[in-house]
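The values are calculated or read from the model by the stated rules, or taken from the named source; none is laboratory data. Fair warning: this is a prediction, and the values are worked out from it, not measured in the lab. Every residue, glycine among them, receives a Cβ derived from its backbone with ideal geometry; neighbour counts consider all protein chains shown.
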Amino acid sequence: MVNTIRAMLICCMIVSISGCATMTIEGDGQKTPKSRTGTHTVHGSYYSFVWSEPPVEKCKNGRGLYRVRYHTNAVYAFVSIISMGFYVPQTVEWWCDGTPDQEDDEEIYQPAH
């Protein structure tokens, strides 16, 4: 009985630790105080269907995204296991490129060929 409880505790600990994952995709750019940010929870599954799409928002400066970060945690992993993969939530955070616009009188840098 003690070995069964110990094995269950070890399995729960492994699931909890592996459920806390973060993946960051970062590009060339700057994160400034004026950078626009957003956070959404994506509801999907392991079987290639999505329960809800995050809203599509564009960066106002026309430069695009600077960083995107996906989060999962132990609660999300537990819900995914209980639902047998039919419901898998993930949190998505994003930041727009905050590089300031170039001044009109500023010279454009052209690298030598």
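Pairs meeting the criteria (first residue in the range 30-46 and in contact (Cβ under 8 Å) with a residue 60 or more places away in the chain, second residue surrounded by 13 or more Cβ atoms within 10 Å (Cβ to Cβ) and hydrophobic (A, V, I, L, M, F, W, C), beta carbons under 6 Å, at least 6 apart or on different chains) are K31/W95; S35/W95; S35/C96; R36/C96.
Across the range 26-46, a minimum of one residue is classified as under 18 Å from the mean Cα position of the chain (by Cα), loosely packed, with under 11 Cβ neighbours inside 10 Å and either modelled with pLDDT of 75 or more or not in a helix (DSSP H, G or I) (or both).
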